[in-house]
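The next block holds one structure in the form of structure tokens; read it before the comments.
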Amino acid sequence: MHGHEVYRRSFLKLAATAAALGLTAALGEPTNNGSLPRASGASSILAEMYGERPMEPHPVPAVPYEEIAPRFHRQVVADPTGEPSGTIVVDVGNHFLYLVQVKGQAMRYGVALGRAGFEWSGRGVVQYKRKWPRWILSDEMVERDPKLEKYSLENGGMEPGANNPLGARALYIFQDAEDTLYRIHGSQEWWTIGKHVSSGCVRMINQDVIDLYDRVSDGSPILVTDLSNDKPDRS
């Protein structure tokens, strides 16, 4: 593929991302040699996407997106899942979460996966979602670590806030009307994206989980699977 065509596709993808996010930053004009222009558009979009959120009830600091692999930045991509529009697909093999959109596209987010992120797979629904949720430990978790009893259901869980492991938003996944205990949630630990971590289900950057929260509704379908047999999208 010629360099100019590679650039053209990258430019169109960036423009689509900007349009999907409602941003107006200029992307610059294509260059004749196909090289990516040094315009401020791409960095302006990312700075807006991952900037601080001063209107939130708890601090959401800016994320140093330059230190995160570009493939894990929020972006519009060709949908690799074949699922209907509105479906969330968690690809545990590649550490991606897709929100399927129309016309063969999907919004893709990078995620981190804890041990719990591998304990459930299959189809379910987002039974409900919460802004700044309480972290309530199950009886089994308290039994494993009695020091955490203060965060049990009986004691009201952990207050929402910057130190709460569920972050700014959480989506609660049910299957056949039963809680799977599987959560998609925010985290301030942006450096864990794309990695396996010691605990949690599906971690997202807080700015990304806020974006996802605003795009989905209660009852949205979800599929947790492994697409790693397909060639990963490294764009």
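A few comments on the model shown:
- Of the numbered criteria (1) in contact with a Lys or Arg (Cβ under 7 Å, 6 or more places away or on another chain); (2) over 26 Å from A47 (Cα atoms); (3) aliphatic (A, V, I, L, M), the one L181 fails is (1).
- Each residue in the stretch 150-204 was checked for being in a loop (DSSP other than H, G, I, E, B), closer than 13 Å to K131 by Cα and modelled with pLDDT of 90 or more, and 2 of them qualify.
- Considering the conditions (1) modelled with pLDDT under 95; (2) not in a loop (DSSP other than H, G, I, E, B), D214 is excluded by exactly one of them, (1).
The values are calculated or read from the model by the stated rules, or taken from the named source; none is laboratory data. Nothing here was measured: the structure is a model prediction, and the numbers come from that model. FYI the Cβ positions are ideal-geometry reconstructions off the backbone, even for glycines, and counts take in every protein chain you see.
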